[in-house]
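The numbers here are math on the coordinates, done by the rules we state, and not lab data. These numbers were taken from a predicted model, which means no experiment stands behind them. With ideal geometry, Cβ positions are generated from the backbone for all residues, glycine too; neighbour counts draw on all protein chains shown.
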Amino acid sequence: MDLTYPSEAETFRKEIRTWLEDNLPEGWFDDGFEQPPEERARFNDEWVKKLYEGGWICATWPEEYGGKGLSLMESVVLNEEFARAGAPMRADFFGDTLVGPTILQWGTEEQKKEFLPKILSGQISWCQGFSEPNAGSDLAGLKTKAELDGDEWVINGQKVWTTQAKHADYIFLLARTDQSVSKHAGISYLLVPMQQDGVEVRPIIQPDGSGEFNEVFFSDVRCPKENVVGGVNNGWKVAMTTLGFERGTSATTSHRRFERELEVIMERAKANGKIADPAVRQRLMASYSKVQIMKVNGWRALTASLHGTKDLSVAALGATNKMFWSEYHRDTMELAMDILGMEGQILTGSSNDEPSMPGLAPRKALREYPVSPLQASFFFSRSETIWGGTAEIQRNIVGERVLGLPKEPKPA
Ligand SMILES: Cc1cc2nc3c(=O)[nH]c(=O)nc-3n(C[C@H](O)[C@H](O)[C@H](O)COP(=O)(O)OP(=O)(O)OC[C@H]3O[C@@H](n4cnc5c(N)ncnc54)[C@H](O)[C@@H]3O)c2cc1C
């Protein structure tokens, strides 16, 4: 792995540092800096505008679609500097991380011009319509169908676990567009407006009272014929691109969010004396080692991408990534709850708390169920080995596609 940065990267690093120093509130870098809740809320709102004006949201996207056209190396430096400064990035997972990059890769020129600037400016928000009641891990078994009627697709069916569907303007949706071919072949990837008759969103209420996931029913819902991404009946390949973005995380910086949270957990163990327990220390060190492994693997993946290396170890890194970080996080948050002990059973949070891990912005304490940041992260960690493809499915992918083991038998 290559640990040196070219001199242009260091020049760019200075540019980012200067921008952050000029734009973050006064005192941000001082020890013990804190903002009262109202000030923090105002900062969060204003900060997204500043990021947009600075061009730092999705800064690798080409300039003609509103990005800054940063190289991979520059984007790594950008992420490193934001992480170093503890400056938040916008957390629009569905637009910035999933559908935006998918449109960049597969979209027509018209789709790029229409959708990418609106994603960047935050004008449209998205949800992901892949899973159905009988099509989760076996996604290709989906039954929602779309039929052409003149210049429009007409969509009928049901999706489930659709996060943020209640607030989304658009859904990127997989639908069956040819019933006569094999199940992977007859799927298309459509961009469908949510605010129209025939779309019914029913929240699934979670134990904390929130309804973040939804069932979404489509009855003769319409979208323009040209809103198919990557060609009619080519949706499986396009969906795999989106899932690749969902399972992967930024090469050199993804470990940092875990690193920061682990520091908080260690502080708690020191404060309540649990650090003296050899079993706790052992588990903390196992977690620490895994964060270091993520760091080194990030460097390996980055080096491979910069040098264009494509060998088995690179493929293995990609395939094991989601399984590794999600299981790490689930186990570490169980450890955090063990360290908190009885305190972990009491709701000690407030809706003004900042999440314990950057990127966890939506996981806030609700007034009726005020989880602390660590409790919120613990709850969310239970879902991370499931969404975006379960850890078992990731193991199947490693076995079959990386190690070349025989394919698992399919049910008759
Ligand atoms: C927090 C969260 C947010 C989500 N948000 C969205 C969203 O916005 N949009 C969306 O489309 N979906 C979303 N999902 C759904 C998610 O993609 C599915 O839950 C996931 O793909 C698993 O599908 P399933 O729930 O139907 O489980 P199933 O596929 O029924 O799996 C059940 C169990 O069987 C195991 N299993 C299944 N098949 C195999 C196999 N072949 N080999 C070994 N084990 C197997 C699985 O690993 C799992 O443990 C979300 C899920 C969660 C938890």
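Worth pointing out:
- Protection proxy ranking of 189-200, 15-26, 89-100, by the mean of other Cβ atoms within 10 Å over each peptide's residues and highest first, is 89-100, 189-200, 15-26.
- Projection of the Cα convex hull of segment 177-289, averaged over all directions and equal to a quarter of that hull's surface, yields 12.4 nm².
- Rounded to the nearest 10 degrees, the inclination of helix 254-272 to the longest alpha-carbon principal axis of the chain is 40 degrees.
- Anisotropy class assigned to the chain is rounded, per the alpha carbon gyration tensor with a/c under the 1.5 cut-off.
- Net charge contributed by nearby residues that have their C-beta within less than 11 Å of Trp153 (K/R +1, D/E -1): -3
- Packing-based ranking, highest mean first, of 316-323, 132-139 given that Cβ atoms within 10 Å are counted: 316-323, 132-139
- Additional length obtainable on full extension of the chain from Asn272 to Arg40, 0.36 nm per residue less Cα span: 80.6 nm
- Lys/Arg +1, Asp/Glu -1 at C-beta; the chain dipole; positive extreme among Thr11, Met240, Thr163: Met240
- When +1 charges are put on Lys and Arg Cβ atoms and -1 charges on Asp and Glu Cβ atoms, the dipole computed for the chain relative to its Cα centre reaches about 1240 debye.
- All-pairs alpha carbon distance profile, segment 199-248, 10 Å steps from 0, percent: 20, 25, 42, 12, 1
- Counted charge near Val228, where neighbours are those whose Cβ lies closer than 15 Å (Asp, Glu -1; Lys, Arg +1): -3
- With N as its number of residues, segment 63-126 has a Cα radius of gyration that, divided by 2.2 N^0.38 Å, comes to 1.19.
- Electrostatic bookkeeping for Glu132 treats Lys and Arg as +1 and Asp and Glu as -1; over the other residues with beta carbon under 12 Å from its beta carbon, the sum is +2.
- Neighbour counts of C-beta atoms inside 10 Å place Phe115, Phe82 in the sequence Phe82, Phe115, starting with the fewest.
- Among Thr60, Asn79, Trp106 - extreme Cα towards positive end, dipole of the chain, charges at beta-carbon: Trp106
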